[in-house]
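What follows is a short report on a single structure.
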Amino acid sequence: MNKTLIAFFSRADENYFGGAMRYVKVGNTEIVCNLIKEMIDADTFKIEMKNPYSPVYMTCIDQAKKDLKENARPELVRMPQSIDEYDTIILAYPNYWGTMPMAVVTFLENFDFSGKTILPLCTNEGSGMGHSERDIKKYAPGAKLAKGLSVTGSEAANSKSSTERWLKANGAM
């Protein structure tokens, strides 16, 4: 039987929504992951940095840019002991500077994804998947990479139908 893990990085606090800043208690990526959890039977793992980015949006994006430029691997609060039992990994993250946050890379490099299917999901305010799919292939060699789903962050709460279609198209439901 196919077993699924939803591994996601999400950031609350001050966020950018179509030209304006707004404080949120739950990040856009986590909102979409919660919708997925209502649709399918899956375990979840939140990718959390030991030293999180600033709650101030502009400072956060500067920190994320610095991590990307330095090819950093931020330390995570915790890591799953294993992902061996999972066939499918829904990997969800916001678009930071055209790709996934470096904390997601930390997660990917800790496991062997050979023979597993990764379904990438990227929240953003118009920048789409960026080059995150290409980067996932680099950091998770041996994985089968499905076509990703780009979700506009400010529409995360209303993304159930597009997310459901994507899950069905990729055999996850």
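The values are calculated or read from the model by the stated rules, or taken from the named source; none is laboratory data. Here the structure is a predicted model, which means the values were calculated and not measured. Heads up, the Cβs are rebuilt from the backbone with ideal geometry, glycines too, and the neighbour counts pull from every protein chain shown. SASA here: full protein model, heavy atoms, side chains in, ligands and nucleic acids out. Shrake-Rupley method; radii C 1.70, N 1.55, O 1.52, S 1.80 Å.
Summary of values
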| read-out | value |
| --- | --- |
| Top-ranked residue in the stretch 3-24 [being part of a loop (DSSP other than H, G, I, E, B) and either of a type in the set (A, V, I, L, M) or surrounded by 11 or more Cβ atoms within 10 Å (Cβ to Cβ) (or both); ranked as nearest to the chain's Cα centre (by Cα)] | F9 |
| Test set (1) touching a residue at least 12 places away in the same chain (Cβ under 8 Å); (2) buried (at least 17 other Cβ atoms within 10 Å of the Cβ); (3) in a helix (DSSP H, G or I) - Y53 fails condition number | (3) |
| Residues of the stretch 25-45 that turn out to be hydrophobic (A, V, I, L, M, F, W, C), open to solvent by less than 20 Å² (accessible area, probe 1.4 Å) and within 17 Å of N158 (Cβ to Cβ), as a count | 3 |
| Checking I31 against (1) modelled with pLDDT under 95; (2) among the hydrophobic types (A, V, I, L, M, F, W, C); (3) not in a strand (DSSP E or B), the condition it does not meet | (1) |
| Candidate set from the stretch 91-138 (those that are of a type in the set (S, T, N, Q) and open to solvent by 20 Å² or more (accessible area, probe 1.4 Å)); member that is farthest from D62 (Cα to Cα) | S114 |
| Which numbered condition V77 fails, given (1) touching a strand residue (DSSP E or B) at 6+ places or on another chain (Cβ under 9 Å); (2) among the hydrophobic types (A, V, I, L, M, F, W, C); (3) surrounded by 13 or more Cβ atoms within 10 Å (Cβ to Cβ) | (3) |
| Top-ranked residue of the stretch 25-45 - restricted to ones that are under 17 Å from I118 (Cα atoms) and aliphatic (A, V, I, L, M), ranked as nearest to the chain's Cα centre (by Cα) | V32 |
| Qualifying positions in the stretch 56-74 - in a loop (DSSP other than H, G, I, E, B) and exposed (fewer than 11 other Cβ atoms within 10 Å of the Cβ) | E70, N71 |
